[in-house]
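J.: The structure's right below; bear with me while I get my questions together.
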Amino acid sequence: METKFAVKIDDLTVAYDYKPVLWDIDLAIPEGVLMAIVGPNGAGKSTLIKAILGIIKPIAGSVSIYDQPYEKQRKLVAYVPQKGTVDWDFPTTALDVVMMGTYGDLGWIKRPGQKEKKASLEALEKVGMLSFKNRQISQLSGGQQQRVFLARALVQNASIYFMDEPFQGVDASTEIAIINILKELRKAGKTLIVVHHDLQTVPEYFDWVTFLNVKKIATGPVKEIFNDDNLTKTYGINYKVAINK
Amino acid sequence: MTSPQIEIQLIAVVVAIACAIPGVFLVLRKMALISDAISHSILPGIVIGFFITQDLNSPFLILLAALTGLLTVVLVEIIQKTGLVKEDTAIGLVFPMLFSVGVIMIAKNANDVHLDVDAVLLGELAFAPFDRLLISGMDLGPKSLWVMGVVLLITVFLLFMFFKELKVSTFDSGLSSALGFSPILMHYGLMSVSSITVVGAFDAVGAILVVALMIAPAATAYLLTNDLKKMLWISIALGVFSAVAGYWFAHFIDASISGSMTTVLGIVFLGVYLFAPQKGLISVLYRQKQQRTEVSLLTFLLHLNNHSEENERHLNHLNEHINWQKVRAKTVVELGVKNNLITIKHDVVSLTEKGNDFTKLALEYIITNKDEKIEHMKEDFFLFRG
């Protein structure tokens, strides 16, 4: 069977002030995988996602989402930025943050109505945060804030989900709740691309992995390529990880 | 009230509202300083515009000056992007430069131009009613009321149309960009509105005080609410209040109207800063005191949990054993009894069943840091409310 690719990246190079952060990346992400992007700090993991989503302009290369440029496929894509990139003291509630996920479908000027509110409440319910819907976002714990972010991505009802470190600073029960939702999404045929830090959990959580350190080191099924050789190539030190087979 | 008095107050109210709306977003975007920069660096734009039009309320002058405001923003960003200096330094470099160019231009032409630095910096609301809008001989009211009225209408219209876009780009520029609402476009849109508002308002309240009208109501409202829409309404209400109260304060002590308005704003902010129910200083201090007591109570409960021997739990030994002052020990014990966490029999303190459960949950929380364990306890205790 021919593989359908959700995301295709060709010769992508991104630089900040002439210093390449991503160098000549070729990457094809098959539809329906739950993929981890791993690599050391400064490897360009967040930058890769931002470049795919057009938040950062690359100096070379191209990105396509289901064979079309991102600008034409916005509605197929949901994005969970790193939790630390927003101001959690912003005067708004959990429900309101989730509603922001509906803005993309609405487009300019049109306001969210009852339909959007209902969808947002359902998304909050799915992440176990319904009882916190009216709570001001600064009054939520780190794990709860991350769940709100996930609910906001769910409400976008996308085909491809990009998540930047969704497990950062969350408690164990939130981590389990989030990974279960991600696995459920994959079962529903969605493609998920997750920047991930905890190498120990890669084999357990993901079925696809990309090793990144400015250049792409390797990409493929976790079972085949998640090994000490690639880890050493990526992290530059002898890396031994216990992988349960 | 005479009709000029009504007109002055009307202008003040319109200026205050027009400033309060962009002010909310500037404060939330942590860009308060930029409004200060804009308010100063529009000076050369105003001077050049005035040379050409000879009319401080001409739309052409306003546009030209607003462009100088945008130029400030662009220059600050260019300098900042070099990575050689931080944003505050870049702001500090750009606006005094542009401002001083304006000052020199005024000084060189002071003899034949009806414009001086004082008027630019402080404005004079009291004179606003003298400059009338006349169309084919008909008196349509003060010009500055018309100018600011139009500015306010544009602001309200844009706010109404792009409220959701402004909100999402302010809160999360990454998501905003991914959704297709360009944060850069929103940024420059807000900067343009701010520039136009500052230019329109400077004639009435002056370049320095216009900053206060933008920032103070928003900063005050921020302390009073957790809702963006309410924050906008509260800012507007505070602006209107300070405009009217400031006018009568100035009338009473025979002083500058704009100065009085800003003073009122300052006093209102101080009051809210002290007495706001959630974020105010007094309520924060009170909460900290409560938290200290509760931490003490928790320590005490853990102590009781650890020791079954009676001499460790005797009231008279509290001071020795956990080294507390009498007053503190008394507050802690009273709080424990009030919440049915402990009982006292013959001066010996024991944990109640509730106290036992509470201690266990608290211990578990401290160890695991899992929030859901203590959700129901949050009602009784400040300590767990983050």
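J.: Given A:Met35, A:Asn157, A:Ala94, which one lies farthest toward the positive end of the charge dipole of the stretch A:22-158, if we put +1 on the Cβ of every Lys and Arg and -1 on the Cβ of every Asp and Glu?
T.: Positive-most Cα among the choices belongs to A:Ala94.
J.: Mind checking which lysines have their Cα closer than 17 Å to the Cα of B:Lys360? Skip sequence neighbours fewer than 8 apart in that chain.
T.: Of all the lysines, those that pass the test against B:Lys360 - Cα under 17 Å, at least 8 places apart if same chain - are B:Lys370, B:Lys373, B:Lys378.
J.: So if I restrict to the alpha-carbon atoms in the stretch B:3-279, what is the Rg, and what is Dmax, the biggest pairwise distance, in Å?
T.: My reading of the Cα-based Rg and Dmax gives 18.5, 57 Å.
J.: On a 22 Å Cα-Cα criterion, which of the cross-link pairs A:Lys115/B:Lys167; A:Lys19/A:Lys50; A:Lys19/A:Lys215; A:Lys72/B:Lys81; A:Lys126/A:Lys190; A:Lys75/A:Lys118 come out too long? Don't jump to the answer; show the numbers that get you there.
T.: On the way: A:Lys115/B:Lys167 20 Å; A:Lys19/A:Lys50 17 Å; A:Lys19/A:Lys215 13 Å; A:Lys72/B:Lys81 30 Å; A:Lys126/A:Lys190 17 Å; A:Lys75/A:Lys118 19 Å.
Flagged as over cut-off: A:Lys72/B:Lys81.
J.: Still on this model: Ignoring everything except DSSP H segments at least 4 long, calculate the 222 nm mean residue ellipticity for chain B; use -39,500 (n - 2.57) per segment, divide by total residues, nearest 500.
T.: Taking each H run of at least 4 residues, the total per residue is -25000 deg cm²/dmol.
J.: Over the protein assembly as shown, what per residue volume does the convex hull of the Cα atoms give, in whole Å³?
T.: 228 Å³
J.: Quick one: helix A:114-126 against the long Cα principal axis of chain A, what's the angle to the nearest 10°, folded into 0 to 90?
T.: Computed tilt is about 60 degrees.
J.: Report the antiparallel proportion of the DSSP beta bridges in the protein assembly as shown as a percent, rounded to a multiple of 5.
T.: 65 percent
J.: Sequence neighbours fewer than 8 away in the same chain don't count; with that in mind, list the lysines whose C-alpha is under 19 Å from A:Lys223.
T.: Excluding near neighbours in sequence, the set is A:Lys183, A:Lys187, A:Lys233, A:Lys240, A:Lys245.
J.: Still on this structure: Can you tell me which aspartates and glutamates have their Cα less than 15 Å from the Cα of A:Lys8? Leave out same-chain residues fewer than eight positions away.
T.: Cα-Cα hits under 15 Å: A:Asp24, A:Asp26, A:Glu31, A:Asp67, A:Glu71.
J.: Which net charge results when you count Lys and Arg as +1 and Asp and Glu as -1 among the other residues whose beta-carbon is under 10 Å from that of B:Leu304? Mind showing how you got there, number by number?
T.: Details: positive: B:Arg313; negative: B:Glu312.
Result for the local shell: 0.
J.: Compute the angle between helix B:143-171 and the longest alpha-carbon principal axis of chain B, please, reported from 0 to 90 degrees and rounded to the nearest 10.
T.: Taking Cα atoms only, the helix is inclined about 40 degrees.
J.: Next question. Return the Rg/Rh ratio of the stretch B:218-262 with Cα-based radii and a Kirkwood Rh.
T.: Dividing the radius of gyration by the Kirkwood radius yields 1.13.
J.: For chain B, take the longest principal axis of its alpha carbons; what is the angle in degrees between that and the long axis of helix B:3-28, to the nearest 10 within 0 to 90?
T.: So the helix axis and the longest Cα principal axis differ by about 50 degrees.
J.: Follow-up. Can you tell me the order of B:289-302, B:56-69, B:6-19 when each peptide is scored by its average per-residue count of other Cβ atoms within 10 angstrom, highest first?
T.: Packing order, densest peptide first, comes out as B:6-19, B:56-69, B:289-302.
J.: A further question on this structure: What is the distance, in nm, between label points placed 7 Å from the Cα along the Cα-to-Cβ direction at B:Lys86 and at A:Asp11?
T.: Placing both labels 7 Å along Cα→Cβ, they lie 4.2 nm apart.
J.: Follow-up question, since we're still on this one. As a check on your grasp of the helix formula, calculate [θ] at 222 nm for chain A: sum -39500 (n - 2.57) over DSSP H runs of n ≥ 4, divide by the residue count, round to the nearest 500.
T.: That calculation yields -9000 deg cm²/dmol at 222 nm.
Every number here is computed from the coordinates shown, using simple stated rules; none is lab data. Bear in mind that the values here come from a model prediction, so they are computed numbers and not experimental data. Cβ coordinates were reconstructed from backbone atoms using ideal geometry, including for glycine residues, and neighbour counts include every protein chain displayed.
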